[in-house]
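Asker: Would you mind keeping the following structure in view while I ask a few things?
The values are calculated or read from the model by the stated rules, or taken from the named source; none is laboratory data. These numbers come from a predicted model, not from an experiment. Cβ sites come from the backbone with ideal geometry, for glycine too, and all protein chains shown count toward neighbours. Surface accessibility is based on the protein's heavy atoms, side chains included, excluding ligands, DNA and RNA. Shrake-Rupley method; radii C 1.70, N 1.55, O 1.52, S 1.80 Å.
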Amino acid sequence: NAERIDPIDFVRTIAVALLVTSAVHAETIRVAAAISLKESLATIARDFKSDTGDDVEFTFGSSGQLQTQIASGADVDVFISAASKQVDDLSKAKLVDDATRRVVVKNELVLIVPADAKDAPTGFADLANANVTKVAVGEPKSVPAGQYAAQVFKKLNLDAALSDRLVYGTNVRQVLTYVERGEVSAGVVYATDAKASGDKVKVVATADPSWHEPIVYPAVVVTASKHADAARKLLDYLGSDKARVTFVAAGFVVPEAAGK
């Protein structure tokens with residue numbers, strides 16, 4: 001006589017097999033991303049793992065530093081920059097898959113001062129005043145926020161007045177820290193960084209978009225990725241409704257449609 005199979009045991013066996021199969025096929029996607037995205041991407045990565053089973057590991061820093069690491073052969077699957085230039089440069093070197101490129105979010109540039117600052121500047125033009133002794137910005141050569149700030153200063157003819165007052169940060173979060181600690185009179189960061197800081201800083205002005213290049217965050221799959229399919233899946237997920245809600249809550253501007 002054929003041995004009778006217990007239905008409950010059968011279901012358990014199938015369930016275990018599915019779990020093992022899922023574990024075997026789960027992948028780890030390595031993402032190099034602009035540090036201003038840190039909190040949002042951490043939340044989205046948790047949701048992504050819950051929905052897909054795939055893990056996401058991050059390296060955060062200035063976009064220029066991350067670009068250099070990728071050009072040097074770093075093990076990265078996805079690059080998310082805070083400006084187009086870094087992705088453009090990698091594209092010219094054939095180091096990223098242009099077909100996967102899309103703008104994930106946009107941002108604004110703001111002037112911040114310490115929360116308890118007295119006689120603080122109330123706008124960008126006030127940075128030329130004698131009482132403004134130090135202004136923190138990102139290093140323009142590697143930090144997009146610093147590049148945007150430099151464009152604003154040039155547009156407003158502030159270059160000469162600020163030439164010996166600028167304090168450079170290696171990334172936008174270091175600039176934020178300088179202002180939080182009261183080590184500088186003011187700083188230029190993204191609106192999302194100021195929001196993340198809470199009541200430690202005060203936003204006194206927002207740069208007019210016409211004063212600088214558009215602040216966009218392009219994401220792209222790295223050509224050398226060993227997990228290209230999973231990487232593309234992650235990029236698609238960054239445009240999902242769930243991810244969009246997370247980005248908006250952090251203060252980012254989400255484009256109506258993905259684009260280059």
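Asker: Output the number of residues of segment 1-35 satisfying the condition of being modelled with pLDDT under 65 and either within 21 Å of Val96 (Cα to Cα) or not in a helix (DSSP H, G or I) (or both).
Answerer: Of the residues in segment 1-35, 6 are modelled with pLDDT under 65 and either within 21 Å of Val96 (Cα to Cα) or not in a helix (DSSP H, G or I) (or both).
Asker: Quickly run through segment 147-167 and pick out the residues that are on the phi < 0 side of the Ramachandran plot and either in contact (Cβ under 8 Å) with a residue 40 or more places away in the chain or assigned to a loop (DSSP other than H, G, I, E, B) (or both).
Answerer: Within segment 147-167, Gln147, Tyr148, Ala149, Gln151, Val152, Lys155, Leu156, Leu158, Ser163, Asp164, Arg165 qualify.
Asker: OK, next. Scan segment 174-185 and give yes if some residue there is within 28 Å of Leu66 (Cβ to Cβ), under 22 Å from the mean Cα position of the chain (by Cα) and either part of a loop (DSSP other than H, G, I, E, B) or modelled with pLDDT under 95 (or both), otherwise no.
Answerer: The answer is no, given that none of the residues of segment 174-185 is within 28 Å of Leu66 (Cβ to Cβ), under 22 Å from the mean Cα position of the chain (by Cα) and either part of a loop (DSSP other than H, G, I, E, B) or modelled with pLDDT under 95 (or both).
Asker: So which helices (runs of 4 or more DSSP H) stay within segment 36-96 end to end and still have 2 or more residues that are without any contact (Cβ under 8 Å) to a residue 12 or more places away in the chain?
Answerer: Per the criteria, 38-52, 84-92.
Asker: Sticking with this structure for a sec: Go through segment 186-199 residue by residue and tally those that are open to solvent by 50 Å² or more (accessible area, probe 1.4 Å), of a type outside the set (A, V, I, L, M, F, W, C) and under 21 Å from Ser62 (Cβ atoms).
Answerer: Of the residues in segment 186-199, 1 are open to solvent by 50 Å² or more (accessible area, probe 1.4 Å), of a type outside the set (A, V, I, L, M, F, W, C) and under 21 Å from Ser62 (Cβ atoms).
Asker: Would you point out the residue of segment 90-139, among those that are open to solvent by 50 Å² or more (accessible area, probe 1.4 Å) and acidic (Asp, Glu), that is nearest to Ala228 (Cα to Cα)?
Answerer: The residue in question is Asp97.
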